[in-house]
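Values quoted throughout were computed directly from the atomic coordinates according to the rules given, and no laboratory measurement underlies them. Just so we're clear, the structure is a prediction, and the values are computed from it rather than from any experiment. Here the Cβ positions follow ideal geometry from the backbone for every residue, glycine too, while neighbour counts run over all protein chains shown.
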Amino acid sequence: MTARGKILIVGAGIAGLATAWALTRRGYAVEVFEQGPIPNPKASSWDEHRITRHAYGEWEGYAALMPEAFRMWDQIWRDIGATHYDPCGAVYFMRGDNPWYPSTSRSLTEMNIGYRDIPLARAAARFPMLNLETVTRIVETDGAGMLFPVRILTDLVVHLAGRGVVFHSYSLVSEIDPERATVTSDGRVFGGDRVVMAAGAWNDRLVPSLRPEAVPSRQAVMFLAPPSDLAHAWSEAPVMADIGDESSCYMLPPRRGTRLKIGDHVFTRRGDADEDRTATDQDVARLMRVLPLAIHDFDRYMVLERKACFYTVTEDEHFVQRAVGARGWIISACSGHGFKLGPLTGEFAAQALSGERPEAQITRLAAGLETV
């Protein structure tokens, strides 16, 4: 089959690989450039596990995209021949008044996704590892669970290589020309019909016009070993999120060969993506304040790893997809939300590049301002 055209993609994280996947399915020739190995441990997408869910609180525009995102993941599972998803559900712990519930209830009802309150009187027996003293409401939702990024990225790379995608690993891109659709890497100039910038926290170096809109943000996570008497409870736990003002954090249980992970969703909006990925005392300072409020007897837990990762972040956490120049396209996913929407992000990009949808509509869809 003759290719419909050649697309150059800079970045082999989930956004770049999902875009390559969606374009290859349409018959395009694709080349992917990555500054390190593929997959790259420094990429924002590299992780043991990530949350996916339909519940999005006040971000109802993104909640409305999730059913289609789940359908796209199902297509990826069929293509790679493996399912790297654990539908373990999610539980949200609220402390005091919070605007999260009314909008979540509305959107889940509209999408026919199940949810229910967990009586506070029964919570201690099910969640003995948590500090529930000031919790005022607990909500459990269906349509949620964990994705396993490293396994997904690896299988996607194998699948795409088998479909003819050309990978350029250890190829630092020094310049892109969105008018001519060229990429300069290690002194060589590569040309295509379109060029896609999906380089995550490095995007603003390639597209300086992105800087006022989206900035790199250094974020901290911690991997822990729970006390032996609570290991089973954690292994059976769903994804959990504490959404109190002072105690907010998210918790991914140690399931399917992963470690217990605790993350901080408060954006720092600072840092350089080339910095070391070992989290400093400053990086984890907030988590160390928060975790004793969220986790019972936190001082009994062993810290296995402190890690820093980078995302690009906009002021209101919307995703960016838009044209750059005559033949360029940029994808900038906001925070860890980018992974759960990865296949849909790639599908949107492919629809724009192939002319299936107007580019302006894709920009609005990606920002959660229009529904599929």
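Miscellaneous remarks
- Distance from the C-alpha centroid of the range 301-372 to that of the range 12-46: 14 Å, rounded to the whole angstrom.
- Cα centre as origin, Lys/Arg/Asp/Glu Cβ charges: the chain dipole, Debye: 760 debye
- When the alpha-carbon atoms of the range 241-301 are used, the pair Rg, Dmax equals 12.9, 36 angstrom.
- Computed from backbone phi, the HN-Hα couplings of the range 229-240 come to 6, 10, 4, 5, 4, 5, 5, 9, 6, x, 5, 9 Hz, rounded to whole numbers (Karplus: 6.51 cos²θ - 1.76 cosθ + 1.60, θ = phi - 60°; Gly and Pro given as x).
- Compared with the dominant principal axis of the Cα atoms in the chain, helix 342-354 is inclined by about 20°.
- Size check on the chain: the Cα extents along the three principal axes, sorted descending, read 63, 43, 40 Å.
- Stokes-Einstein diffusion for the range 133-273, with the hydrodynamic radius set to the Kirkwood value over Cα pairs and evaluated at 10 °C in a medium of 1.306 mPa s, equals 82 µm²/s.
- Net length gained if the chain between Asp186 and Val166 were fully extended (0.36 nm per residue, minus Cα distance): 5.6 nm
- Per-residue Cβ neighbour rank within 10 angstrom, fewest leading, His296, His232: His232, His296
- Alpha-carbon centroids, the range 92-140 and the range 250-299: separation in whole Å: 22 Å
- Solution diffusion estimate, µm²/s, Stokes-Einstein, the range 66-139, Kirkwood Rh from C-alpha pairs, 10 °C, viscosity 1.306 mPa s: 107 µm²/s
- For the range 145-206, fraction of C-alpha pairs farther apart than 15 Å, in %: 63 percent
- Estimated [θ] at 222 nm from DSSP helical runs (n ≥ 4, -39500 (n - 2.57)) normalised by residues in the chain, nearest 500: -9000 deg cm²/dmol
- Under 5 Å between amide hydrogens, built in the peptide plane, is the criterion, and for Tyr28 it picks out Arg4 among residues at least 5 positions away or on other chains.
- Counting DSSP beta bridges with both ends in the chain, the antiparallel % (nearest 5): 70 percent
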